[in-house]
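Comments concern the structure below.
Laboratory data are not the source of any read-out in this text; all were calculated from the coordinates shown. These numbers were taken from a predicted model, which means no experiment stands behind them. Here the Cβ positions follow ideal geometry from the backbone for every residue, glycine too, while neighbour counts run over all protein chains shown.
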Amino acid sequence: MLRFLFSSLLLCLPLFGFAQKADYRVIPLPRQITADTTQVFLLTDGMEIGYPSGNPEIERTADFLRQYVIETTGLNLKLTSDSRRAQIMLTLKSEKRESADMADGIFNSKYTIRIGKNGIVLEAPTEEGLFRAVQTLRKSLPVGKLRSVALPFGEINDQPRFAYRGVHLDSSRHFWTVETIKTFLDMLALHGCNQFHWHLTDDQGWRFEVKSLPGLAEQGSVREQTVIGRNSGVFDGQPYGGYYTQDECREVVRYAAERYINVIPEIDLPGHMQAALHVYPELGCTGGPYPVWQVWGVSDDVLCAGNPSTVEFLKTVLGELCSVFPSKLIHIGGDECPKKRWKSCPKCQARIRELGLTDDGQHSVENQLQTAINHEIESYLKSLGRDIIGWDEVLEGGLTEGATVMSWRGIQGGIEAARQHHHVIMTPVDYCYIDYYQVKENWNAPLSIGGYVPASKTYSFEPVPKELKAEEKTYILGAQVNLWCEYIAYPPHLFYMLLPRLDAISEVQWTVPEQKDFNDFKQRLRHQFRLYDRLNVNYCKTVE
Ligand SMILES: [Zn+2]
């Protein structure tokens, strides 16, 4: 009887019966998946990952894969540059672009994965594509302490929808250590993002070391105290500060680059500058004194646009910024710059007359004055080989020639900019502000700025407005979520806000609309949550 039971068990269970299966339907969902679940390749301990010898970039990506596999499954794989032996192969394959104007951000992330009886082949036209392939393979693996993984035979062909796939982080209102930034970048890499927009300066703290203006980091980074809650009028009495040395910024750039993420630094100007005014009060219209701001909101005190030293100051800051950050795009903010001080400042008014600005019924003279500053900054950055991005307020005084617009107050700014043939990144507040609550019953959620942007809302965002003509649509580079940190002070809260709304935006950025389905996404999210548990990263468990 026992013998019978034993043999029938053997008959019932195919050889891979004990192995958990991989599932290629990861987040963001790849474009094309074919899988034959009746046949599998069995991945086991000691198997090898091969990379082409003499290519250290691919060797590094192969080693990432080795680390991911052991982290996710406990299986210990080895690296080899001997391609004949390896069961997993990373290989470059030269390929022509389908169309001449296919953006780098799309082409560079293309890849194919093939799983068959001899093993797994990851193939891409670029090193970056291989990195994206590794992320997909990693996410498809079951999570646990496993003896083997069964990978169904099949093929994945994938490429992202948008060239620009960004995430923003505010390091001014609260300061994040380099270690936390690295975990943040790991999450971006996991989701196929290729742009990290780093908000480094604001009224409440200056976080970027400028060597020739050391006061910015030393005094501009520290506020004496912080208001409790939502501008309650009660303060905590605790000094708060922190800044990144240039070497630390370079380390962030290096870490991001290894994960094929570009770091776009933002120096918000000419508003959001009270921390700088604290150190250089002579650059304000009233002369100060200005404390590093201790409350939340938008300060009326901005850089004086009539003082020639203002532009000199900005050039010094941006010059050093560009020596640290290689990004072609530099964010110059431009949002929420109240014109109250400029209207009553003799220097600002004299400058308006000097420039011969007149109200044209569409753009006020003060808004045009801001454009004049943007213009000077843009030409300076051009001389350093860089282009500018600004928040959509930069439209108000007329756009400077090469500006890319980040549309945040809805999509209208983006529509307007695309019609003027400017590049656009869509990040409208109603869909993409992930500092808002993500659960409706928020009495038990950590304090937030307010609002309600659940994952389903972010997921439903369509970055290309129907109103645009076909040719205008090509100016929409992609989408981004923004994580402002007035109310977020600790890493577990930061990642709770980020995840799973990062998952949601990643399918907006990567997956074509025909393939998107929120219910299906929610099913796939279960596996992603197991991975977050494994990685010990916090996330919001309620998905609305
Ligand atoms: Zn002024």
Could you tell me which numbered condition His331 fails, if it satisfies all but one of (1) within 12 Å of the ligand (Cβ to nearest atom); (2) in a strand (DSSP E or B); (3) not acidic (Asp, Glu)?
(1)
Please count how many residues of the range 513-527 are surrounded by 15 or more Cβ atoms within 10 Å (Cβ to Cβ) and not in a helix (DSSP H, G or I).
1
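Yes or no, residue by residue, for (1) within 16 Å of the ligand (Cβ to nearest atom); (2) touching a residue at least 24 places away in the same chain (Cβ under 8 Å); (3) under 28 Å from Phe196 (Cβ atoms); (4) not hydroxyl-bearing (Ser, Thr, Tyr):
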{"site": "Arg223", "(1), (2), (3), (4)": "no, yes, yes, yes"}
{"site": "Tyr244", "(1), (2), (3), (4)": "no, yes, yes, no"}
{"site": "Asn262", "(1), (2), (3), (4)": "no, yes, yes, yes"}
{"site": "Pro270", "(1), (2), (3), (4)": "yes, yes, yes, yes"}
{"site": "Val279", "(1), (2), (3), (4)": "no, yes, yes, yes"}
{"site": "Leu314", "(1), (2), (3), (4)": "yes, yes, yes, yes"}
{"site": "Leu321", "(1), (2), (3), (4)": "no, yes, yes, yes"}
Within the range 468-479, is even one residue farther than 26 Å from Leu381 by Cα and crowded, with 21+ Cβ neighbours inside 10 Å?
no
Given the conditions (1) closer than 18 Å to Pro142 by Cβ; (2) without any contact (Cβ under 8 Å) to a residue 24 or more places away in the chain; (3) surrounded by 15 or more Cβ atoms within 10 Å (Cβ to Cβ), every one holds for Met47 apart from (2)
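Could you please let me know if Ala504 is within 21 Å of Leu169 (Cβ to Cβ) and surrounded by fewer than 17 Cβ atoms within 10 Å (Cβ to Cβ)?
Numbers: within 21 Å of Leu169 (Cβ to Cβ): yes; surrounded by fewer than 17 Cβ atoms within 10 Å (Cβ to Cβ): no.
Here the answer is no, as Ala504 does not meet what is asked.
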Consider Ala257 carefully, then state whether it is among the hydrophobic types (A, V, I, L, M, F, W, C), without any contact (Cβ under 8 Å) to a residue 24 or more places away in the chain and in a helix (DSSP H, G or I).
yes
What number of residues within the range 351-377 satisfy the criterion of being more than 29 Å from the chain's Cα centre (by Cα) and among the polar types (S, T, N, Q)?
5
Of all residues making up the range 338-372, the number that are more than 17 Å from Thr400 (Cα to Cα), in a loop (DSSP other than H, G, I, E, B) and within 16 Å of the ligand (Cβ to nearest atom)
3
Identify, from the list Val302, Val292, the residue that is closer than 16 Å to Gln204 by Cα, within 12 Å of the ligand (Cβ to nearest atom), touching a residue at least 40 places away in the same chain (Cβ under 8 Å) and crowded, with 17+ Cβ neighbours inside 10 Å.
Val302
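Here is a yes/no grid of residues against (1) surrounded by fewer than 16 Cβ atoms within 10 Å (Cβ to Cβ); (2) under 22 Å from Pro56 (Cα atoms); (3) among the hydroxyl-bearing types (Ser, Thr, Tyr); (4) without any contact (Cβ under 8 Å) to a residue 40 or more places away in the chain:
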{"residue": "Thr73", "(1), (2), (3), (4)": "no, no, yes, no"}
{"residue": "Arg85", "(1), (2), (3), (4)": "yes, yes, no, yes"}
{"residue": "Arg97", "(1), (2), (3), (4)": "yes, no, no, yes"}
{"residue": "Met102", "(1), (2), (3), (4)": "yes, no, no, yes"}
{"residue": "Ser109", "(1), (2), (3), (4)": "no, yes, yes, no"}
{"residue": "Gly119", "(1), (2), (3), (4)": "no, no, no, no"}
{"residue": "Ala124", "(1), (2), (3), (4)": "no, yes, no, yes"}
{"residue": "Val134", "(1), (2), (3), (4)": "no, yes, no, no"}
{"residue": "Leu146", "(1), (2), (3), (4)": "no, no, no, no"}
